[in-house]
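A.B. asks: Questions regarding the structure given below will be posed in turn.
What follows is calculated from the coordinates using simple rules that are stated; it is not laboratory data. These numbers come from a predicted model, not from an experiment. FYI the Cβ positions are ideal-geometry reconstructions off the backbone, even for glycines, and counts take in every protein chain you see.
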Amino acid sequence: MKNYYFLIVALITFNLTMAQTNFSPVYDGVFDGTAYSQTFTFPTEAQPWAGFANNNASIYPLSYPNGGQVSFKATVAADAEVYFRFEANPYPAVDPAVVTANVALLASNAAETVYTVDIPVSATNTYNSALMYVVTRDVDVVISETKLIQFDTDGTTALSTDFPVYEGVFDGTSYNQSFLFPATAQAWAGFANNNTGLYPLTFPEAGSVSFKATVAADAEVYFRFEANPYPAVDPAVVTANVALLASNAAETVYTVAIPADATNTYNSAIMYVVTRDVEVVMSEITIVQNTTAGLEDFAANAVKMYPNPAKGFVNFSSASNEALDVAVYDMLGKEVLRANAVQSQLNISSLNPGMYFVNMTQGTNVSTKKLLVN
């Protein structure tokens, strides 16, 4: 309860002191005929330990006291292997860890074959890091509908299902997402966000959606935010269509405004591809919530934190000579890193890519800022 209380306070403080809040949706919830896939590649030049980290922090902690299973659909043009690893915490505090067997993905199998692999029983441990590794180099592994299933006491019945997002590339791997609106899909078919940890969303000062996209032919997409999932969708707010041009460079950055709405909250975030039969490849999708700076600006800015986003290290600067105590919390309010008497720099290499709250205490001043770790 203490952690959740801190998270609520942190959210309130953040909204008062920062200009923006960023959220990372996971638009892998296909409905009414759309198609979605993720492509994972382990290139020749990647480090031997390179892989893919889960960026959906809302699934943690994971536990498998009665074992479990990973289920997914996969398509490969050449035979390949993958496996999954669950660690106590992100590197370097990874132990204890549990590893699945390798899964053989066969090119002779039909597209989107369903594969499963057992997660070994672990009666006492919990895991806060979920990784996937492609064993075979230079083969594009197309995966969709990945599920982490926790078994009940009988060892076979699904007790709970979590939806990881293996888009955290590290040490040389590559990743992208593909969205397709086929001619056979229903007119209203689209892609629903499965990262429920970002709800509720509000846009009292408007906002935007930012993403990178690549298309072989011109296409359009748009975003819709609804009060709740279907059927209780109203009120809702819809962005303008975004024109994705084949003449633009690969991974061009696009943005579209989210209209201001001073009163409503949204618990459903949907993306629609307008153009049929064009594969839209997207990455780094970010929902940005604009907020108005408030009364706590002075306290929040007494300590400057940079860069943001950061990777490996984050720096602090202050006009005061007093000691700075820093605590880092994940999006669930769990403390993941603490350091006292920080001089000017904090090592954050143990943190998975994602959003965190950084609580800074200097004398009687306390402030909280949000940090994006790449």
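A.B. asks: Take D118, D154 and order them by how many other Cβ atoms sit within 10 Å, fewest up front.
C.D. replies: Least crowded to most crowded, the residues run D154, D118.
A.B. asks: How large is ³J(HN,Hα) for each residue in segment 81-90, as worked out from phi by the Karplus curve 6.51 cos²θ - 1.76 cosθ + 1.60 (θ = phi - 60°), to whole Hz, x for Gly and Pro?
C.D. replies: Per-residue couplings from phi come out as 10, 9, 8, 10, 9, 10, 10, 4, 8, x Hz.
A.B. asks: Let me ask another. Using a Cα distance threshold of under 17 Å, what count of lysine pairs results for the chain when pairs must be 8 or more residues apart or interchain?
C.D. replies: Final tally of qualifying lysine pairs is 8.
A.B. asks: Given points 7 Å out from each Cα along the Cα-Cβ axis, report the D234 to Y36 separation in nanometres with one decimal.
C.D. replies: Placing both labels 7 Å beyond Cα along the Cβ direction yields 2.7 nm.
A.B. asks: Express in nm, to one decimal, how much length is gained between N22 and E251 on full extension, taking 0.36 nm for each residue of separation and deducting their alpha carbon distance.
C.D. replies: 80.5 nm
A.B. asks: What FRET efficiency would be calculated for the residue pair N109, Q47, taking the C-beta separation as r and a Förster radius of 35 Å, to the nearest 0.05?
C.D. replies: That gives a FRET efficiency of 0.75.
A.B. asks: Okay, next question. Going by how many other beta carbons lie within 10 Å of each one, how would you line up S24, S71, fewest first?
C.D. replies: S71, S24
A.B. asks: How would you rank T173, T124, T368, going from fewest to most other Cβ atoms within 10 Å of each one's own Cβ?
C.D. replies: With the fewest neighbours first, T173, T124, T368 line up as T124, T173, T368.
A.B. asks: Scale the Cα Rg of segment 43-172 by the rule-of-thumb value 2.2 N^0.38 Å and send over the ratio, two decimals.
C.D. replies: 1.03
A.B. asks: If I model a spin label as a point 7 Å beyond the Cα along the Cα-Cβ vector, how far apart are those points for T263 and R85 in nm?
C.D. replies: Those two pseudo-labels are separated by 5.3 nm.
A.B. asks: Next up: Taking amide H positions as placed in the peptide plane 1.01 Å from N, state which residues far from N22 in sequence (5 or more) or on other chains have amide H under 5 Å from it.
C.D. replies: Q289
A.B. asks: Hey, how many Å between the Cα centroid of segment 93-146 and the Cα centroid of segment 303-374?
C.D. replies: 33 Å
A.B. asks: Roughly how many nanometres apart are two label points built 7 Å out from the Cα toward the Cβ at K147 and D171?
C.D. replies: 3.1 nm
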